[in-house]
1. Please rank Glu259, Glu139, fewest neighbouring Cβ atoms within 10 Å first, as an exposure proxy.
2. With θ taken as phi - 60° and the coefficients 6.51, -1.76 and 1.60, list the Karplus ³J(HN,Hα) couplings across region 139-151 in order, rounded to whole Hz; mark glycine and proline as x.
3. What size of dipole, in debye to the nearest 20, comes out for region 175-277 about its Cα centre when the only charges are +1 on Lys and Arg C-beta atoms and -1 on Asp and Glu C-beta atoms?
4. Expressed in nm to one decimal, what extension gain is obtained for the pair Lys15 and Lys124 from 0.36 nm per residue of sequence separation less their Cα-Cα distance?
5. Could you work out the relative contact order of region 175-277, using alpha carbon pairs under 8 angstrom and six or more residues apart, expressed as a whole percent?
6. How would you rank Ile145, Ile257, Ile200, going from fewest to most other Cβ atoms within 10 Å of each one's own Cβ?
7. Around Cys255, which amide H atoms from residues at least 5 apart in sequence, or from another chain, sit under 5 Å from its own amide H, with H modelled in the peptide plane?
8. A 24 angstrom limit on the alpha carbon distance is what I want to check against. Which of Lys217/Lys273; Lys149/Lys179; Lys186/Lys216 exceed it?
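No lab work stands behind these numbers, since they all come straight from the coordinates. Keep in mind that what you see is a predicted model, and the values were worked out from it rather than measured. Note that each Cβ is placed from the backbone with ideal geometry, even for glycine, and that neighbours are counted across all protein chains shown.
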Amino acid sequence: MPKKNQKTSKEVKLKISQTKRMRKASGYYKKIRICDFCGKKLKCNQKRFCSLKCKGLLISGKEHPMYKDGLSKARKECTSCGTSISIRNKMNLCRVCYEKQQHKENHPAWKGGISTANCITCGKIIGGNAIRCRTCFNETKQRSIIQSKKWQDSKYAKIQANLILEGLEGVSPNKPERKLRRILNKLFSKEYKFVGDGKIWIGGKNPDFINVNGQKKLIELFGDYWHSKKITGLKKKVHRKQRQYHFKKYGFKTCVIWEYELKNIPKLKNKLKKFHKALL
């Protein structure tokens, strides 16, 4: 059986061959056609001009079909300084006057300059959306590095874990963790267990959920506030990858779920199913 597109292609080929024969017979290819502006020889596809530059140079001003009695040359005066501006200017102001009008207090979006705030630790006046000044920020960064080194020691980690467990009594799991636990129990019964109350520590980090059925898989639930850039000082993507890399060193694959993802349950279920089916 012949293909559907085979007949149409043959018909097109026949039409092209017929037009070529007709043009050869009429002497279409032998004719030397010249550009209307520069006088260069034209190719077969070109009709009047060899390039767009030639077309633009010839068809300009009064010869152009869109010409409207020299409307582009018509000028008017600026309302503030009186300099001549184009008639199409809707603001009725020149560039200099417009910039002056839109500067600082005259601008409609003006909010009294850069917002200022006090540093949380030392109380210095700082600008922008920062919480701490540069010196305090560097000090806190150094402290976090020292603390992370301390947590690598097994004795220190055990003592701190016991203290945390005492403080977490009756608090953990919280509302979002309970919601995620319900979803996990529905999708994968007896597969994932909640250990976010300090039952398991992996390299000084306590995961929220762990697979109990032989797979080295973890699920971390990040709160929108406590894991935000404001608290961690890192972007969401960087913070997520950092946590995944930390558990990867110990042979665990981690799925990070954000608190806002719990609002869209069908999308979350698909994400969890893909993670559960994925190989290590």
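1. Working: Glu259 19, Glu139 14.
Ascending number of Cβ neighbours within 10 Å: Glu139, Glu259.
2. With coefficients 6.51, -1.76 and 1.60, one gets 5, 5, 5, 5, 4, 5, 5, 5, 5, 5, 5, 4, 5 Hz.
3. On the way: 30 positive and 8 negative charges, 84 e Å.
Charge dipole, region 175-277, about its Cα centre: 400 debye, nearest 20.
4. On the way: separation 109, 0.36 × 109 = 39.24 nm, distance 8.30 nm.
In short, 30.9 nm is gained.
5. On the way: 118 pairs, mean separation 23.8, N = 103.
It rounds to 23 percent for region 175-277.
6. On the way: Ile145 10, Ile257 21, Ile200 14.
Going from least to most buried by this count: Ile145, Ile200, Ile257.
7. Residues meeting the amide H criterion: Leu218, Ile219, Glu220.
8. Working: Lys217/Lys273 13 Å; Lys149/Lys179 34 Å; Lys186/Lys216 20 Å.
Distance filter (> 24 Å) returns Lys149/Lys179.
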